[in-house]
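Remarks on the structure that follows.
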Amino acid sequence: MSKFHLATSARSIAHQIATLLNSGEQLWAYMDAYKVLRNPVTYVIEMDSDVVIGVIGLEGFGRVTEMKHLCVHPNYRRRGLGKKLLEKGIEATTTEFVYGAVRSDNDTNLRNNIRVGMKPIGKKKGRGCYIIIFARRKHTSHGVH
């Protein structure tokens, strides 16, 4: 038997995640609750009562996990939640390596990735900016060796 039973349904949480992700207007495709529930991404969420206020997605590929979809509700920004979600995302991975992509114009997320031990390992051209690729070994704060 599960130790916790949520008063908020999985569908409600998925809808809130989709709404939060869509609000940033950075995704290639519109997300809805069905897509959140059916895609291979596992979400680490931060809640305030029964409201999703932050999220980061994890998708594993062999020995590597991609962290994606980091988003904090605008009313809860500048409280350290982005950094906390990155830390929780790294902690929740089951792979040896973790990586993520950050837009070059997202100064807060760039700083937070460095603060949690991620190292920039490359960049690629994105829509209107560069995309910086960060990576590290899970069990070290010294980055990828």
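Only the coordinates and a few stated rules stand behind these numbers; no lab work does. None of the values given here were measured: they were computed from a predicted structure. Here the Cβ is made from the backbone with ideal geometry for all residues, glycine too, and neighbour counts use every protein chain on show.
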Answer with one residue from 52, 33, 90: the one whose Cα lies farthest towards the positive end of the charge dipole of the chain, charges on Cβ with Lys, Arg +1 and Asp, Glu -1.
-> 90
Given a Förster distance of 30 angstrom, what is the FRET efficiency for residue 51 paired with residue 29, based on the Cβ-Cβ distance and rounded to 0.05?
-> 0.80
Kirkwood Rh in Å, taken over all unlike Cα pairs in the stretch 10-137 = 14.9 Å
Cα→Cβ-extended label distance, 7 Å offset, between residue 119 and residue 10, nm = 3.9 nm
Straight-line reach from residue 124: which lysines have Cα under 30 Å away, leaving out those fewer than 8 places along the same chain?
-> 35, 68, 83, 84, 88, 138
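What's the local net charge at residue 139, with K and R +1, D and E -1, over the other residues with C-beta under 14 Å away?
+1
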Note: residue 19 to residue 139 extended length (0.36 nm per residue) minus current alpha-carbon separation gives 39.9 nm
